[in-house]
1. Can you show me the helix-derived [θ] at 222 nm for the chain, built from DSSP H runs with n ≥ 4 at -39,500 (n - 2.57) apiece and divided by the number of residues, rounded to the nearest 500.
2. Given 10 Å bins starting at zero, what is the percent of C-alpha pairs of segment 343-470 in each, up to the one with the largest pair distance?
3. Over 17 Å apart: what share of the alpha carbon pairs of segment 35-114 falls there, rounded to a whole percent?
4. Mean separation of Cα pairs under 8 Å and 6+ residues apart, divided by the residue count of segment 327-460: what relative contact order is that in percent?
5. Ignoring ligands, DNA and RNA, what percent of the 1.4 Å accessible area of the chain is carbon and sulfur?
6. Taking Cα pairs under 8 Å and at least six residues apart, what relative contact order does the chain come out at, in percent?
7. Find, among the GluC sites (Glu not before Pro) in segment 234-315, those assigned to loop by DSSP (not H, G, I, E, B) with at most 10 other beta-carbon atoms within 10 angstrom.
8. Check the chain for me: any Cys whose beta-carbon has no other cysteine beta-carbon within less than 4.7 Å?
Amino acid sequence: MDSQYETKKNDPNAIMPYPESNDEHVGEVRGLGGGIMDKEPEAQEGHAKFHRLGWKRLTVVLIVEAIALGSLSLPGAFATLGMVPGVILSVGMGLICIYTAHVIGQTKLKHPEIAHYADVGRVMFGRWGYEIISFMFVLQLIFIVGSHVLTGTIMWGTITDNGNGTCSLVFGIVSAIILFLLAIPPSFAEVAILGYIDFVSICAAILITMIATGIRSSHQEGGLAAVPWSCWPKENLSLAEGFIAVSNIVFAYSFAMCQFSFMDEMHTPSDYKKSIVALGLIEISIYTVTGGVVYAFVGPEVQSPALLSAGPLLAKVAFGIALPVIFISGSINTVVVSRYLIERIWPNNVIRYVNTPAGWMVWLGFDFGITLIAWVIAEAIPFFSDLLAICSALFISGFSFYFPALMYFKITRNDAKSQGKKYFLDALNMLCFVIGMGIFGIGTYAAIQDIMDRYDHGKVSKPYSCAPLA
């Protein structure tokens, strides 16, 4: 505790509890700038409320953030890249992301004052770094919420056969309302309770998809042996098409963006290693098995998300079962960005603890505002999905790869106990940096090229259109 206290004491931007041994300051909560925050019960209760997360619930919250219906886009990526490259990329990227998450955890332990990813920008680069990463952080989270609005719209349309003529805007509004309601709990420990439902939901949807596609293929002429899957990339594969498939695999592991936010709520932050290893192994298993098995059952004609390949009836069943994961995984992003903005605007006020009438009014206002902005952006931009892909290439490449590499070189490199280990980690982090910059450059090009191709083929929808989404 003392070393953590000394670190925070020397940082004017730290939220600093006094050491437990100093009775004079028991119950006082420090705010930004080091001033005594509040001695009233609301501040004490609020501080305790936001430090209840253990490693098991952290694992669940990370699963909510990381594993959503995007996992069912991986069979399509395998169909483009081939079975062998698909498996290698799925396992390899998973292992690399476990390591970069470890670097983020080490950075958090060395700088306990880092509450959100934007804060590490200040530690590494000063005020300008903080503002740039803050912009990336907020924009990407809002766009992810918007993507869940669109996914919900597609889901309602599929279940209801496009609502028998119902305007798809209605489905978008319903999806936004559900996302708003599920984002009301402000604590990640509370969100973790919904996380168990989320995990069962996605596992059940994946299992139904694999069983249904396997049965459909076995009943076709020649059975499963006649499915024309390939070990290698499909013929005449363009750079843009291939890298979009690679990006689908890479972005499936993009849980690092919210890791600082989640760890800041842990009562024992050093336990993070158990969580990231558990999450990483779960992700690798789900993604690799889902991608490989469904591709082997369906072949190159597999749709994205893959549950659409299960047949009309079972696609409706799978979408219905996946309903919780669509909205729970989307709402947690609203919680993260709202928490960040409120803590930035009211660093020295009990409003940030959301346990007073004023705090709840502010919280519900931010929850509603973020959800509304996400819905407007998702409906107003006719190529929103491709814009999300561009932002992911620009930002996720940093959050998951090159920023952790920079954290290693600027913050944790000297922790290596031997010169040989330091050289090995130097090489590993250089690899992470190169991967990140490659995704940044080629991924952005591929996403822009895809937008141009969609315009050329007339596949771009109109803003606020009532037409069914697909």
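The values are calculated or read from the model by the stated rules, or taken from the named source; none is laboratory data. Remember, it's a predicted structure, so these values are computed and weren't measured experimentally. Reconstructed Cβ throughout: ideal geometry from the backbone, glycine too, with neighbour counts over all protein chains shown. Note: areas computed on protein heavy atoms with side chains; ligands, DNA, RNA excluded. Shrake-Rupley method; radii C 1.70, N 1.55, O 1.52, S 1.80 Å.
1. Computed mean residue ellipticity for the chain: -21500 deg cm²/dmol.
2. 11, 22, 21, 25, 17, 3, 0
3. Counting every Cα pair in segment 35-114, those more than 17 Å apart make up 68 percent.
4. On the way: 84 pairs, mean separation 33.0, N = 134.
With pairs under 8 Å counted, the relative contact order is 25 percent.
5. 65 percent
6. 29 percent
7. Glu235, Glu301
8. Cys97, Cys203, Cys231, Cys258, Cys391, Cys432, each lacking another Cys Cβ under 4.7 Å.
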